[in-house]
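Participant: Dropping a structure here in C-alpha cells format, bear with me for questions.
Values in this text are rule-based calculations from the coordinates and carry no lab data. Owing to the predicted nature of the structure, the values given are computational and were not obtained by experimental measurement. Positions of Cβ are backbone-derived with ideal geometry, glycine not excepted, and every protein chain shown enters the neighbour counts.
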Amino acid sequence: MEKYYITTAIAYTSGKPHIGNTYEIVLADLLARFKRKQGFDVRFQTGTDEHGEKIELKAAAAGKTPKEFVDEVAGGIKNIWDLMNTSYDKFVRTTDEYHEKQIQKMFKKFYEQGDIYKGAYHGWYCTPCESFWTESQLKDGKCPDCGRDVHVAEEEAYFFKMSKYADALMEYYNTHPDFILPVSRKNEMVNNFLKPGLQDLCVSRTSFKWGIPVDFDIFPPSWRSQG
Ligand SMILES: [Zn+2]
C-alpha cells in the first residue's frame with residue numbers, strides 16, 4: 001500500500017489554541033480522510049510545541065511549573081481536536097520523554113559530524129531583561145520590553161550549518177519540480193532564503209531554562225537546545 005504522510009504545524013502551548021490552529025487541523029483531517037478513502041496507508045500527525053522562554057514566563061506568572069502549565073494547555077488543545085473528531089494517528093508533545101531523548105541524540109550526532117558547531121551569537125543585549133534582540137526588534141534603538149539602553153554583546157552558542165546544504169537543496173528543488181508546491185512557495189523559498197545565502201541557525205539559548213538540555217560538551221548546565 002502506498003504511504004501518505006501528513007502533518008500540521010505543532011501548536012505553541014503559551015495559551016489557548018486559536019482559529020488558525022483549528023482551521024489548519026480541520027484541513028489536514030480532510031486530506032487525511034480523503035487519502036484513506038483513496039486507499040493510501042495514511043500517517044497523520046499533529047501535536048504541541050512546549051518549550052521556550054515565553055512559556056517559562058507565562059508559567060511563572062500563573063504560579064505553576066512550566067510542565068504543569070503545558071500539561072494543562074496541551075490537554076486543552078487535544079480536547080478540542082478530539083471534540084472536532086479529527087482523525088490524527090499521533091499527537092506529539094515536545095515534552096514527551098522519547099521526543100526529548102531523540103532530540104538529544106540528533107543534536108549530538110549533528111555535533112559529532114560537524115553540522116552543529118560552537119560559535120558566538122552577536123546581538124543587542126538588555127542587561128536588566130537578560131535578553132538578546134536583533135536590530136529590527138529594537139524600538140527606537142532601545143529594548144522593546146523595558147525601553148532601556150541596549151549594548152552590543154555576544155555569547156557562545158551552538159549553530160546548525162545550514163549554509164553547507166544550500167547548493168544541495170537548490171539542486172534537489174531543480175531536479176524535483178514537484179517537491180515544494182505550489183510553485184509560488186518554492187520560488188519564495190529559493191528567492192528569499194537560498195539565493196541570498198542561507199544563514200547558519202542558532203540552535204541553543206542560555207537566557208532561559210525551559211528547554212531540552214544539551215547533554216554533552218563542556219557547557220554549563222544552563223545550555224538548552226530549542227528542540
Ligand atoms: Zn530590557
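Participant: In what sequence, highest mean first, do 46-56, 115-125, 67-77 appear when ranked by Cβ atoms within 10 angstrom?
Facilitator: In decreasing order of mean packing, 46-56, 115-125, 67-77 become 46-56, 67-77, 115-125.
Participant: Now a separate question. In deg cm²/dmol and to the nearest 500, what is the mean residue ellipticity at 222 nm of the chain if only DSSP H runs of at least 4 residues count, each as -39500 (n - 2.57), divided by the residue total?
Facilitator: Mean residue ellipticity, 222 nm, calculated: -11000 deg cm²/dmol.
Participant: Given a cut-off of under 8 Å on Cα pairs at least six residues apart, what relative contact order in percent is computed for the chain?
Facilitator: About 18 percent, as a whole number.
Participant: Which residue fluctuates the most in the chain, going by a Gaussian network model with Cα springs under 10 Å, if the choices are Q199, Q38, Q104?
Facilitator: Among Q199, Q38, Q104, the largest mean-square fluctuation in the Gaussian network model of the chain belongs to Q38.
Participant: Please give the charge dipole size of the chain, origin at the Cα centre, charges +1 on K and R Cβ atoms and -1 on D and E Cβ atoms. Round to the nearest 20 debye.
Facilitator: Using Cβ point charges on Lys, Arg, Asp and Glu, the chain gives about 580 debye.
Participant: Now, a different point. Convert 4 °C to kelvin, take the viscosity as 1.567 mPa s, use the Kirkwood radius over C-alpha pairs of the chain as Rh, and evaluate the Stokes-Einstein diffusion coefficient in µm²/s, rounded to a whole number.
Facilitator: 64
Participant: Continuing with this model, one more query. Once you keep just the Cα pairs under 8 angstrom separated by 6 or more residues, what percentage relative contact order results for the range 3-94?
Facilitator: 40
Participant: Considering only C-alpha atoms, what is the centroid distance from the range 106-170 to the range 17-33, in Å?
Facilitator: 32
Participant: Could you work out how much longer the chain between E24 and Y172 gets when fully extended? Use 0.36 nm per residue separation minus the Cα distance between them, nm to one decimal.
Facilitator: Here the answer is 50.5 nm.
Participant: Where nothing but the Cβ of Lys and Arg (+1) and of Asp and Glu (-1) is charged, how large is the charge dipole of the range 52-105 around its Cα centre, in debye to the nearest 20?
Facilitator: About 100 debye.
Participant: Would you mind checking the range 137-174 for residues with the amide N under 16 Å from a putative spin-label position 7 Å along Cα→C-beta of K195?
Facilitator: Inside the label zone: 167, 170-171, 173-174.
Participant: Could you give the C-alpha radius of gyration of the range 3-94 expressed as a fraction of 2.2 N^0.38 Å, taking N as the number of residues it contains?
Facilitator: 1.19
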